[in-house]
Amino acid sequence: MTFDNRASSSSAAITRTSMPIERKQTTQFWTVRGLCLLTLLMFSLSAMEPCGAEVTGWTRYYKEWKKCFDVGDFKGAVEVATRELEKHPRSFGALSLRGQTYMELEEYQKALDDANAKMGIKEEHFLTMSNHLDKAEALIGLKSWEEALRELRLYQSDAGEHVIGELPIKMQLCRDKIAAKNEPPAKELDIKALAQQLAAVMEEKQKAKAQENSAVAEVTPQADAKPVNRPVRDKWALVIGVSKFQDKTIPELRFAAKDAEDFSKFLVNNANFSKDHVRLLTNESATQRRILDELGDKFLPRVVKPDDLVVIYFSSHGSPSRSDVRGKNFLIAHDSEKRNLYASGIEMQQLSDVIKDRVQSDRVLLVLDACHSGATTPGEKGGESDANFNLQAIPLGSGQTVICSSKAEERSWESKRYENGVFTKRLMQALIQDGEQTTIDKAYSHLSKQVEDEVQQDQAAKQTPVFRSTWKGNNLMLCTPPAAPEPMPDAVRSLLAPERCESRK
């Protein structure tokens, strides 16, 4: 995998490798893939050119292809494989690499064409079983469910005990889609009736909620009326920054912990957060267990009420989705292990679910200053880029707002002008540009321009913060004083471990 967040200039880039999870299905998966890779190399040795030339050719174009693929230059990777196929049209290896790249580009028909071409090269080759799986995945992308199911069955028959753990899931998906397609279409009248019933239920729920919150909320009877802003009762924050890691193969970061400290001070000094309402976890105190404990049990669920505003800030490394067998993103805690993130990291899906299910507020701001680059350039939050979080792939609960430090294809940078990441520093400035009346929307617009300008001027690069929200009320203002703040309950305070941050006074 690639840890592509920030690190000091002396940190070396971490080569992107797969992270095995010690489960039976993963072992089976890599058994099959290992056999496939070994046989693919053996097949290359048996090509039309002399043996020595073929080995040299394979090594050359595979390295060139992998270099493009690992940095997300999929079009370049396709060009490398295509050039090899122009020289050797029956190259099994080049077809495999190009087909894999087409899947990343979601060009499923081209991936299917390459899989069919491999079938024609060597039908008796035992890599045929892998070809069935490649064809099935392309057919699933094309939504050709019957054909995909047939290929999966052929793969199951050929692979025997080496069947990968995902196979039953994929087969069931195809069966479900086939069954759904064969069901008679619902009548339009039934759909309309169901929609009316759902609307009636939602209206009753809204009325009931309005009565419960009558002291601070109003609900208008018009269906098309804009939601009315409810006063913020109280404000809470969990701020996390990790610069140092137990796993020494994970590069240290320069400013992640300091960014978190500065942001927590900003909330108290500039944004009207009570000091005991802001929890700061940095480095050794920011373990996976401690973070999840305060997020989902001992802190936020015990203090947050429905009309409160919650801020969750996270500055650390992140992992790219294709490093995981299920395509999941992870945030990296102090005690996370590079090769065991499923058990030691914080999955983005899990983070979103905890916020949605255990934090009783529909006004939650999540700030992610984490991208996926291994640091090799001074000042850069990363070097060999893989991608930042794709916000469209992060499921948000009702009322959640997320601001991410850069687009999926970009890197995040540390400043040459001050000891902070560009994103965090400019975010703090943007949130108070109009004083306490600064809205989140306006702050984001100002933040985006300031970050883009500084990175372009100082680094000759692009960094564009990304914003996504499901909040339906009037524009949120982070810095306005809460309407009815309460002190931290003693019962909750007694559950929380002390913050270990000597620089915080």
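The values are calculated or read from the model by the stated rules, or taken from the named source; none is laboratory data. Just so we're clear, the structure is a prediction, and the values are computed from it rather than from any experiment. Note that we place each Cβ from the backbone using ideal geometry, even for glycine, and neighbour counts take in every protein chain shown.
May I ask you to list the residues in the range 268-279 that are buried (at least 20 other Cβ atoms within 10 Å of the Cβ) and free of Cβ contacts under 8 Å to residues at least 60 places away in the same chain?
Listed by number, the residues that qualify are Phe273, Val278.
Results for (1) among the aliphatic types (A, V, I, L, M); (2) in a strand (DSSP E or B); (3) over 22 Å from Cys479 (Cα atoms), shown as yes or no for each residue.
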{"residue": "Lys298", "(1), (2), (3)": "no, no, yes"}
{"residue": "Arg302", "(1), (2), (3)": "no, no, yes"}
{"residue": "Lys305", "(1), (2), (3)": "no, no, no"}
{"residue": "Val310", "(1), (2), (3)": "yes, yes, no"}
{"residue": "Tyr313", "(1), (2), (3)": "no, yes, no"}
{"residue": "Lys328", "(1), (2), (3)": "no, no, yes"}
{"residue": "Ala333", "(1), (2), (3)": "yes, no, yes"}
{"residue": "Glu337", "(1), (2), (3)": "no, no, yes"}
{"residue": "Tyr342", "(1), (2), (3)": "no, no, yes"}
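Listed here are the residues, each with its yes/no results for (1) in a loop (DSSP other than H, G, I, E, B); (2) not basic (Lys, Arg).
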site: Lys416; (1), (2): yes, no
site: Lys425; (1), (2): no, no
site: Ser445; (1), (2): no, yes
site: Asp453; (1), (2): no, yes
site: Thr464; (1), (2): yes, yes
site: Thr480; (1), (2): yes, yes
site: Ala484; (1), (2): yes, yes
site: Pro498; (1), (2): yes, yes
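Return yes or no: is Gly435 assigned by TED's automatic domain parsing to the domain that holds Thr282, at pLDDT below 90 and small (Gly, Ala, Ser)? Steps first, please.
Working: assigned by TED's automatic domain parsing to the domain that holds Thr282: yes; at pLDDT below 90: no; small (Gly, Ala, Ser): yes.
Answer is no for this residue.
Based on this model, can you work out whether Lys442 counts as touching a Pro at 6+ places or on another chain (Cβ under 6 Å) and among the basic types (Lys, Arg)?
Against the criterion (touching a Pro at 6+ places or on another chain (Cβ under 6 Å) and among the basic types (Lys, Arg)), Lys442 does not qualify.
Considering only the range 247-269, I want to know if a residue exists there that is touching a His at 6+ places or on another chain (Cβ under 8 Å), modelled with pLDDT of 95 or more and acidic (Asp, Glu).
no
Looking only at residues in the range 284-298 that are buried (at least 18 other Cβ atoms within 10 Å of the Cβ) and aliphatic (A, V, I, L, M), which one is nearest to Asp357 (Cα to Cα)?
Taking the candidates together, the pick is Leu295.
If the requirement is being outside the structural domain of Glu409 (by TED's automatic domain parsing) and either in a loop (DSSP other than H, G, I, E, B) or modelled with pLDDT under 85 (or both), which of these qualifies: Glu146, Glu106?
Glu106 is the lone residue from the list that is outside the structural domain of Glu409 (by TED's automatic domain parsing) and either in a loop (DSSP other than H, G, I, E, B) or modelled with pLDDT under 85 (or both).
Mind checking whether some residue in the range 49-59 is under 29 Å from Lys338 (Cβ atoms), modelled with pLDDT under 50 and crowded, with 17+ Cβ neighbours inside 10 Å?
Looking for residues that are under 29 Å from Lys338 (Cβ atoms), modelled with pLDDT under 50 and crowded, with 17+ Cβ neighbours inside 10 Å, one finds none in the range 49-59, hence no.
Within the range 316-346, can you find the residues that are within 24 Å of Val71 (Cβ to Cβ) and among the acidic types (Asp, Glu)?
Correct list: Asp324 only.
Can you find, within the range 230-245, the residue that is surrounded by the most Cβ atoms within 10 Å (Cβ to Cβ) among those that are outside any strand (DSSP E or B) and in contact with a strand residue (DSSP E or B) (Cβ under 8 Å, 6 or more places away or on another chain)?
Among those residues, the one meeting the criterion is Val242.
Test each condition in (1) part of a loop (DSSP other than H, G, I, E, B); (2) out of contact with any strand residue (DSSP E or B) (no Cβ under 8 Å at 6 or more places or on another chain); (3) touching a residue at least 12 places away in the same chain (Cβ under 8 Å) for Lys248 and report the one that comes out false.
(3)
Report whether or not Lys226 is at pLDDT 90 or above and not in a helix (DSSP H, G or I).
no
For the range 73-89: of the residues being assigned to a helix (DSSP H, G or I) and of a type in the set (D, E, K, R), which is farthest from Glu106 (Cα to Cα)? Full working, then the answer.
So the first thing to find is which residues in the range 73-89 are assigned to a helix (DSSP H, G or I), and the list is 74-87.
Subsequent filtering for residues that are of a type in the set (D, E, K, R) retains 75, 79, 83-84, 86-87.
Working: Lys75: 12, Glu79: 16, Arg83: 21, Glu84: 22, Glu86: 23, Lys87: 26 Å.
Step by step, filter the range 73-89, then rank; the result is Lys87.
Name the pairs whose Cβ atoms lie under 9 Å apart, with the first residue in the range 155-179 and at pLDDT 70 or above, the second of a type in the set (Ser, Thr, Tyr), and 6 or more positions between them or separate chains?
Here the result reads Tyr155/Ser130, each pair linking the range 155-179 to a residue that is of a type in the set (Ser, Thr, Tyr).
To keep it simple, each residue is scored yes or no on (1) free of Cβ contacts under 8 Å to residues at least 24 places away in the same chain; (2) in the same structural domain as Ile250 (by TED's automatic domain parsing); (3) over 27 Å from Ser406 (Cβ atoms).
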| site | (1), (2), (3) |
| --- | --- |
| Phe263 | no, yes, no |
| Phe266 | no, yes, no |
| Leu281 | no, yes, no |
| Glu284 | no, yes, yes |
| Asp293 | yes, yes, yes |
| Asp308 | no, yes, yes |
| Asn329 | no, yes, no |
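What are the residues in the range 258-278 that are out of contact with any Phe, Trp or Tyr (no Cβ under 6 Å at 6 or more places or on another chain) and under 24 Å from Ile332 (Cβ atoms), if any? Lay out the reasoning, then the answer.
Start the filter on the range 258-278 by keeping residues that are out of contact with any Phe, Trp or Tyr (no Cβ under 6 Å at 6 or more places or on another chain), which leaves 258-262, 264-266, 268-276, 278.
Residues satisfying the conditions are Lys258, Asp259, Ala260, Glu261, Asp262, Ser264, Lys265, Phe266, Val278.
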